[in-house]
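Asks: What follows is a structure written as structure tokens; I'll ask about it next.
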Ligand SMILES: Cc1cc2nc3c(=O)[nH]c(=O)nc-3n(C[C@H](O)[C@H](O)[C@H](O)COP(=O)(O)OP(=O)(O)OC[C@H]3O[C@@H](n4cnc5c(N)ncnc54)[C@H](O)[C@@H]3O)c2cc1C
């Protein structure tokens, strides 16, 4: 269904919706229409910020009845530009950020306008945590609905493995609760199926005891040996330890000696969710791989991991990326990564490697719509450039490296799909998962109101 231009005026939207409505003539329009990533210079008819479920339902109904394209935005970090629209309505959940923590029951009801950082900081005040990703400003809406792979993935699983229930406004404007008991089919679908089934307004999430971690940044020189060794250690590590290795040129960070800037490093983020002595032992083999360029790993409060630089601000880089899973990074793959990164001419290029397994792998493959429980390592190859015109120059490099690293695992992680998602969706939702998602989509959104996403058409 193509979107129609201006079926309803901004003034009419204001009187209909009783929510903050930002139109093209308003001072905050440019800021409000701009998502995290650059390259999506689109002009929505309006950005609407409802404050409650009834307000969300009004926006959904109005967009549906007027044939307006509807973008649903939590934190605005979609790699595919799905949180903005040309001529449609952006339903921006940022005015819905209530968080109700029950420390006794170790559960939280969280409105989906919250960011991962806000949630994590509030939960930490009770010595509790739910795992999201590696970045504070990512919205809990987007990351949760497509899986959620972060610092606690091996210890506590994906974010969806801590999801107990969700409240959603469906395409017919109804508010429904999805859980193992209520609408279990919908609950299965939203644990991995993204924004295809409705607007999630609240999540009930399980909280885990987590007083502190041993973790932080460990920056090592990147060679084929250290990259290979890092992933071997990440696999051998106890599952309390989740590790993310970003192989990339050292950014010009003030704590790095200037002669290191631009040199290829493993910019690693480690998190050991357990006691300090065991954590110190678990990170020792990583420290021993080479003389660290910087070692900031220490006992810390969990939210401190989210306080890294480069997470916010007015800079909106254009990202070109490819995502996949592999079984292992052997020495030859490590060599390819190092060689290819040295050859990139992009403003920033990186290969990110995340060791999976642990609790995430113990959930049966068909228990949720995230079907990659058996995949061992998540790989993302990315180049960042300043302007969309530069993207075609660097895309062949990204695709070439991704293809060189590809093994037998055909899967893809929805949350890391960009515009190439259109062709990659079957890889994200293999066989039976796809069939079941389509069947559930037909029931909950037969006219594809929620289509501005990694879309599962009702057929
Ligand atoms: C810097 C950065 C770091 C990242 N790190 C990680 C990471 O460590 N682990 C990981 O798993 N992912 C990570 N991601 C990917 C991230 O999970 C996805 O981009 C995610 O979709 C972003 O969620 P959002 O709410 O911020 O984005 P948005 O752009 O607001 O939403 C993305 C899409 O999700 C859907 N959506 C969002 N909220 C709702 C809702 N309430 N109801 C219905 N649909 C909704 C919509 O379809 C929307 O188009 C990262 C992304 C970035 C940019």
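Each value in this text was obtained by applying a stated rule to the coordinates, not by laboratory testing. For clarity, every value in this text was computed on a predicted model and none was experimentally measured. Backbone-built Cβ (ideal geometry, glycine too); neighbour counts: all protein chains shown.
Asks: If each residue of separation counts as 0.36 nm, what is the full-extension length gain between residue 301 and residue 54 once their alpha-carbon separation is subtracted? Intermediate values should be presented prior to the final figure.
Replies: Values: separation 247, 0.36 × 247 = 88.92 nm, distance 3.74 nm.
Fully extending the segment from residue 301 to residue 54 adds 85.2 nm.
Asks: Report, in whole Å, the centroid distance computed from the Cα atoms of segment 201-256 and segment 337-399.
Replies: Here the answer is 15 Å between Cα centres.
Asks: Which FRET efficiency value, to the nearest 0.05, is calculated for residue 9 and residue 389 with the Förster distance at 35 angstrom and r the Cβ-Cβ distance?
Replies: Result of the calculation: an efficiency of 0.55.
Asks: Here's something else I'd like to know. Going highest first, how would you order 318-327, 118-127, 284-293 by mean Cβ packing within 10 Å?
Replies: Top of the packing list down: 318-327, 118-127, 284-293.
Asks: Let me ask something additional. Normalising by the residue count of segment 302-404, find the relative contact order in percent from Cα pairs under 8 Å and 6+ residues apart.
Replies: Taking the mean separation of contacting Cα pairs over the length of segment 302-404, I get 41 percent.
Asks: Rounded to the nearest 0.05, what FRET efficiency is calculated for residue 26 and residue 438 with R0 set to 30 Å and r the Cβ-Cβ distance?
Replies: So, using R0 = 30 Å, E works out to roughly 0.15.
Asks: Determine, from the Cβ-Cβ distance of residue 406 and residue 284 and an R0 of 45 Å, the FRET efficiency 1/(1 + (r/R0)^6), rounded to the nearest 0.05. Walk me through the numbers on the way to the answer.
Replies: Details: r = 33 Å, r/R0 = 0.73.
E between residue 406 and residue 284, to the nearest 0.05, is 0.85.
Asks: Per residue and in cubic angstrom, what volume does the convex hull of the Cα atoms of segment 21-84 have?
Replies: It is 88 Å³ per residue.
Asks: Sticking with this structure for a sec: Given points 7 Å out from each Cα along the Cα-Cβ axis, report the residue 86 to residue 332 separation in nanometres with one decimal.
Replies: In this crude spin-label approximation the distance works out to 4.4 nm.
Asks: Mind sorting 438, 381 by how few other Cβ atoms lie within 10 Å of their own Cβ, fewest first?
Replies: Details: 438 15, 381 27.
Going from sparsest to densest Cβ surroundings: 438, 381.
Asks: Can you pull the one-decimal nm distance between simple spin-label points at residue 253 and residue 164, each 7 Å off the Cα toward Cβ?
Replies: In this crude label model, residue 253 to residue 164 measures out at 3.6 nm.
Asks: To the nearest Å, what is the center-to-center distance of segment 414-459 and segment 317-331, using C-alpha atoms only?
Replies: Cα centroid of segment 414-459 versus Cα centroid of segment 317-331: 22 Å apart.
Asks: Right, another one. Based on DSSP, what percent of beta bridges with both residues in the chain are antiparallel, to the nearest 5?
Replies: Antiparallel bridges: around 90 percent, rounded to the nearest 5.
Asks: Got the relative contact order for segment 44-109 handy, in percent, Cα pairs under 8 Å and 6 or more residues apart?
Replies: Reported relative contact order: 40 percent.
Asks: What distance in nm separates the two pseudo spin-label positions at residue 365 and residue 316, each 7 Å out from Cα along the beta-carbon direction?
Replies: Going by the 7 Å Cα→Cβ label model, 4.0 nm.
Asks: Within 10 Å of each residue's Cβ, count the other Cβ atoms and sort 456, 425, 266, 377 from fewest upward.
Replies: Ranked by crowding around the Cβ, least crowded first: 425, 377, 456, 266.
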